[in-house]
Amino acid sequence: MIEEITNKSFSCKLCTNETKQNLCIANCIGCKDLFCYEHLIQHRKQSINHLEEVIQRHATINDNTFAQLNINQHFEYIDRWEIETIDLIHKHTKDVKEKLRIIFQTYKLELQQFHVMLGEELEHQRNLKICIEQNLKICIEQNLNNLSQQIEQLYKEIQQMNKVIYHMSNKELYQIIDKFNLSTSTLGKPVQWTYLHEIKLDSTYGYMAANNEQIFLGWKNRIVIYNLNGTKHDETRLQSTEIYGELCDIIWSTSMQRFFILCQKSLFIHYPSSRQVEIIGNISLINQDNEYTSITTFDNKLILLTKQCLEIWHLNNDTFHLSNSILISIILKNPCEESICCIRTNNQHLAILIQNEQTHTWRLDLFNFHPFSRLHIGTAFDRYKQTNLGLLTTFCDKIYLFMNWETKLMRLIDQNGLNELIDFNAYNACLVGTQRMIVVNYMTYLKIYAF
């Protein structure tokens with residue numbers, strides 16, 4: 001047994017089993033293995049080739065890799081960050097000035113009107129004839145005391161006005177700090193949009209949708225339609241908000257060729273060829289302890305989100321029929337801590353914007369329709385103070401636009417962790433039908449871009 005082990009331990013490493021009896025003549029100093037003469041030469045050649053490869057790799061690093069170490073690219077990034085930060089400050093201060101200008105003019109006008117009213121009342125008191133009746137004297141004295149107090153109050157408010165505006169300015173300006181706290185990776189421009197034109201609005205509208213020709217906007221119970229060229233097409237008001245609830249979402253369906261206007265208790269439709277807004281009678285939550293919150297479509301399906309469930313309606317012979325209803329508690333991971341803010345679809349999946357009321361963050365989850373199942377659980381992004389102030393819009397492929405109504409920040413997000421800030425003052429956005437165009441809502445005006 002000892003002899004067998006000894007013979008085996010002194011045999012060549014590379015010899016086959018048939019030639020294992022050939023004893024080695026040398027060992028390699030590097031790897032410590034034993035070789036016969038033939039395999040020793042082969043091993044040396046392999047080692048030399050390996051050495052040449054290492055030398056070549058070393059030479060390549062010297063020639064190419066160090067050339068990539070360029071400090072200028074980092075300086076360029078810093079310069080780009082500086083420019084974008086300055087642009088952000090300029091844009092933010094411009095918005096703050098415009099907001100304060102409106103508040104200042106309104107406040108000043110109210111004070112001036114109050115001043116004129118007091119002057120007219122004093123002139124009226126001066127023109128009153130002196131009357132000896134005691135009750136009239138008391139009445140005049142009371143009026144004069146009231147007027148004196150009102151004049152003193154007016155004087156104080158005039159003195160306080162600059163302080164109020166100053167504090168408001170600081171409050172608005174310091175909001176820029178929240179924008180600076182964004183990750184530096186969000187300061188790039190992941191999409192290139194070509195500015196086309198601007199549309200001035202007569203009021204502010206929170207919800208919007210568009211087809212290839214018109215932009216549909218709404219807020220509370222008011223609806224306004226603009227043509228894509230900027231001219232106003234039509235304006236109307238929905239029926240009683242006490243019965244049908246306030247407007248809470250608007251979408252355009254390319255497959256069904258109509259606008260859907262969702263209110264808290266009912267659903268309306270608008271055909272572009274008609275000026276009428278019609279109610280869908282069989283879809284309603286009137287007299288129910290529940291409310292609609294968001295709407296989307298998928299082919300000939302209508303998906304409605306309520307506070308209690310997700311309803312899927314099927315269009316057949318121009319009539320919608322309820323085909324499925326999924327409880328919110330099934331959709332959410334933690335129903336006690338989460339709620340659904342908005343729903344949208346692309347060509348494949350249902351995207352659900354979920355807000356966590358413990359961490360005050362949002363999450364984007366994706367679902368399949370057939371069968372209804374969760375496809376992807378998103379990661380937390382952004383933050384909020386008040387609930388239900390986030391909005392989602394399908395952008396392209398598997399990418400979505402997210403709007404934070406509190407901060408007016410617009411982001412690109414997807415299921416792979418994309419979280420890119422692309423606008424600092426956007427309130428809402430929607431695609432223009434099937435065109436590669438997008439409308440961005442800046443409260444008092446719209447901007448239309450091509451991409």
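The values are calculated or read from the model by the stated rules, or taken from the named source; none is laboratory data. Model, not experiment: these values are computed from the prediction. Ideal geometry is used to build each Cβ from the backbone, glycine not excepted, and the neighbour counts take in all protein chains shown. Just the protein is used for accessible areas: all its heavy atoms, side chains included, with ligands, DNA and RNA removed. Shrake-Rupley method; radii C 1.70, N 1.55, O 1.52, S 1.80 Å.
Would you confirm whether or not the range 392-404 contains a residue that is touching a strand residue (DSSP E or B) at 6+ places or on another chain (Cβ under 6 Å) and of a type in the set (Lys, Arg)?
No, the conditions are met nowhere in the range 392-404.
Among what's in the range 213-227 and is under 15 Å from residue 270 (Cβ atoms) and assigned to a loop (DSSP other than H, G, I, E, B), pick the residue that is most open to solvent (accessible area, probe 1.4 Å). Show your work before the answer.
Narrowing the range 213-227 to residues under 15 Å from residue 270 (Cβ atoms): 213-218, 221-227.
Narrowing further to those that are assigned to a loop (DSSP other than H, G, I, E, B): 213, 221.
On the way: 213: 129, 221: 39 Å².
Going through the qualifying residues, I end up with 213.
Using beta carbons and a limit of 7 Å, which pairs, at least six apart or on different chains, have the first residue in the range 424-446 and at positive phi and the second one β-branched (Val, Ile, Thr) and assigned to a loop (DSSP other than H, G, I, E, B)?
Within 7 Å, the pairs are 433/254; 443/204.
Go over the candidates 413, 399, 438 one by one and state the one that is open to solvent by 30 Å² or more (accessible area, probe 1.4 Å), modelled with pLDDT of 85 or more and among the aliphatic types (A, V, I, L, M).
399
When only residues in the range 94-104 that are more than 15 Å from residue 408 (Cβ to Cβ) and in contact (Cβ under 8 Å) with a residue 40 or more places away in the chain count, which is least open to solvent (accessible area, probe 1.4 Å)? Quick ask: steps written out before the conclusion?
Of all residues in the range 94-104, those more than 15 Å from residue 408 (Cβ to Cβ) come to 97, 100-104.
From the residues that got through so far, the ones that are in contact (Cβ under 8 Å) with a residue 40 or more places away in the chain too are 100, 103-104.
Details: 100: 20, 103: 62, 104: 72 Å².
Ranking the candidates gives 100 first.
Restricting to the range 259-279, name every residue that is of a type in the set (Gly, Ala, Ser) and open to solvent by 30 Å² or more (accessible area, probe 1.4 Å). Outline the logic, then answer.
We begin by selecting, within the range 259-279, every residue of a type in the set (Gly, Ala, Ser); these are 266, 273-274.
273, 274, listed by residue number.
Keeping to the range 338-363, report how many residues are within 14 Å of residue 380 (Cα to Cα) and not in a strand (DSSP E or B).
The qualifying residues number 4.
Is it true that some residue in the range 228-243 is more than 26 Å from residue 316 (Cβ to Cβ), part of a strand (DSSP E or B), in contact (Cβ under 8 Å) with a residue 40 or more places away in the chain and open to solvent by 20 Å² or more (accessible area, probe 1.4 Å)? Before the answer, list the steps.
Taking the range 228-243 first, the residues more than 26 Å from residue 316 (Cβ to Cβ) are 228-243.
In the following step, the residues that additionally are part of a strand (DSSP E or B) were identified as 232-237.
Retained after the next criterion (residues that are in contact (Cβ under 8 Å) with a residue 40 or more places away in the chain): 234, 236.
With the extra rule that they be open to solvent by 20 Å² or more (accessible area, probe 1.4 Å), the set shrinks to 234, 236.
Scanning the range 228-243, I find at least one residue that is more than 26 Å from residue 316 (Cβ to Cβ), part of a strand (DSSP E or B), in contact (Cβ under 8 Å) with a residue 40 or more places away in the chain and open to solvent by 20 Å² or more (accessible area, probe 1.4 Å), so the answer is yes.
Could you list, in sequence order, all residues of the range 305-333 that are farther than 25 Å from residue 395 by Cα, open to solvent by less than 70 Å² (accessible area, probe 1.4 Å) and either part of a loop (DSSP other than H, G, I, E, B) or aromatic (Phe, Trp, Tyr) (or both)?
Across the range 305-333, the qualifying residue is only 320.
Just one of 148, 185, 203, 169 is open to solvent by 60 Å² or more (accessible area, probe 1.4 Å), modelled with pLDDT of 70 or more and small (Gly, Ala, Ser); which is it? Break it down into steps so the answer makes sense when it comes.
Numbers: 185 fails: modelled with pLDDT of 70 or more; 203 fails: open to solvent by 60 Å² or more (accessible area, probe 1.4 Å); 169 fails: open to solvent by 60 Å² or more (accessible area, probe 1.4 Å).
Answer to the check: 148.
Find all pairs meeting these conditions: Cβ atoms under 8 angstrom apart; at least six residues apart or on different chains; first residue within the range 143-160 and assigned to a helix (DSSP H, G or I); second residue modelled with pLDDT of 70 or more and open to solvent by 90 Å² or more (accessible area, probe 1.4 Å).
What qualifies is 154/115.
Please work out which one of (1) polar (S, T, N, Q); (2) part of a strand (DSSP E or B); (3) open to solvent by 40 Å² or more (accessible area, probe 1.4 Å) is the condition residue 288 fails and give its number.
So the condition that residue 288 fails would be (2).
Applying the selection to the range 404-418, what residues are farther than 17 Å from residue 84 by Cβ and not in a loop (DSSP other than H, G, I, E, B)?
404, 413
Rundown of residues vs (1) surrounded by 15 or more Cβ atoms within 10 Å (Cβ to Cβ); (2) more than 10 Å from the chain's Cα centre (by Cα), yes/no style:
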site	(1), (2)
374	no, yes
382	yes, no
385	no, yes
391	yes, no
395	yes, yes
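Against the definition (over 19 Å from residue 264 (Cα atoms) and open to solvent by less than 10 Å² (accessible area, probe 1.4 Å)), how does residue 348 come out, yes or no? Even if it seems obvious, please write down each step before you answer.
Details: over 19 Å from residue 264 (Cα atoms): yes; open to solvent by less than 10 Å² (accessible area, probe 1.4 Å): no.
Against the criterion (over 19 Å from residue 264 (Cα atoms) and open to solvent by less than 10 Å² (accessible area, probe 1.4 Å)), residue 348 does not qualify.
In this structure, is residue 130 open to solvent by less than 80 Å² (accessible area, probe 1.4 Å), over 21 Å from the mean Cα position of the chain (by Cα) and either modelled with pLDDT of 70 or more or farther than 30 Å from residue 259 by Cβ (or both)?
Details: open to solvent by less than 80 Å² (accessible area, probe 1.4 Å): no; over 21 Å from the mean Cα position of the chain (by Cα): yes; either modelled with pLDDT of 70 or more or farther than 30 Å from residue 259 by Cβ (or both): yes.
It is false that residue 130 is open to solvent by less than 80 Å² (accessible area, probe 1.4 Å), over 21 Å from the mean Cα position of the chain (by Cα) and either modelled with pLDDT of 70 or more or farther than 30 Å from residue 259 by Cβ (or both).
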